[in-house]
1. What residue, of 45, 70, 77, 55, is acidic (Asp, Glu) and either touching a Cys at 6+ places or on another chain (Cβ under 6 Å) or surrounded by 13 or more Cβ atoms within 10 Å (Cβ to Cβ) (or both)?
2. From 32, 64, 75, grab the single residue that is farther than 23 Å from residue 1 by Cα, not in a loop (DSSP other than H, G, I, E, B) and not hydroxyl-bearing (Ser, Thr, Tyr).
3. Does residue 18 satisfy being at pLDDT 95 or above, surrounded by 12 or more Cβ atoms within 10 Å (Cβ to Cβ) and under 10 Å from the mean Cα position of the chain (by Cα)?
4. Select from the range 22-41 the residues that are open to solvent by 40 Å² or more (accessible area, probe 1.4 Å) and free of Cβ contacts under 8 Å to residues at least 12 places away in the same chain and write down the one among them that is nearest to residue 61 (Cα to Cα).
5. Return a yes/no flag: does the range 24-42 have any residue that is basic (Lys, Arg) and in contact with a Pro (Cβ under 9 Å, 6 or more places away or on another chain).
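The values are calculated or read from the model by the stated rules, or taken from the named source; none is laboratory data. Please read all numbers here as calculations on a predicted model, not as lab measurements. Here the Cβ positions follow ideal geometry from the backbone for every residue, glycine too, while neighbour counts run over all protein chains shown. Each accessible area value is taken on the protein alone, full model and side chains, heavy atoms only, with ligands, DNA and RNA left out. Shrake-Rupley method; radii C 1.70, N 1.55, O 1.52, S 1.80 Å.
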Amino acid sequence: MMELKWTSKALSDLVRLYDFLAPVNKQAAARIVQSLTAAPARLKEYPRIGEKLEEFEPREVRRILVNHYEMRYEIRESKIYVLRIWHTREER
């Protein structure tokens, strides 16, 4: 089974999303952050479940959608790195 690592950018994305949602509804914000932190667990068994993003070749960068959030990750040897998370309606 692969090892899961969160990059500092992905962790700061979680904080940013929580800070954005919390003033409106703290419980919903906490639930969303919880579902986003739980989502990559299945990648440990099925690392290639996400859509491959060709523009990052030769790196193996993929993405999965969790509710309305896009999560990008990279597979390197036996590790999965969660790179970034954002709402699909955010300007990128």
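1. After applying the criteria, what remains is 70.
2. 32
3. no
4. 38
5. No, every residue in the range 24-42 fails to be basic (Lys, Arg) and in contact with a Pro (Cβ under 9 Å, 6 or more places away or on another chain).
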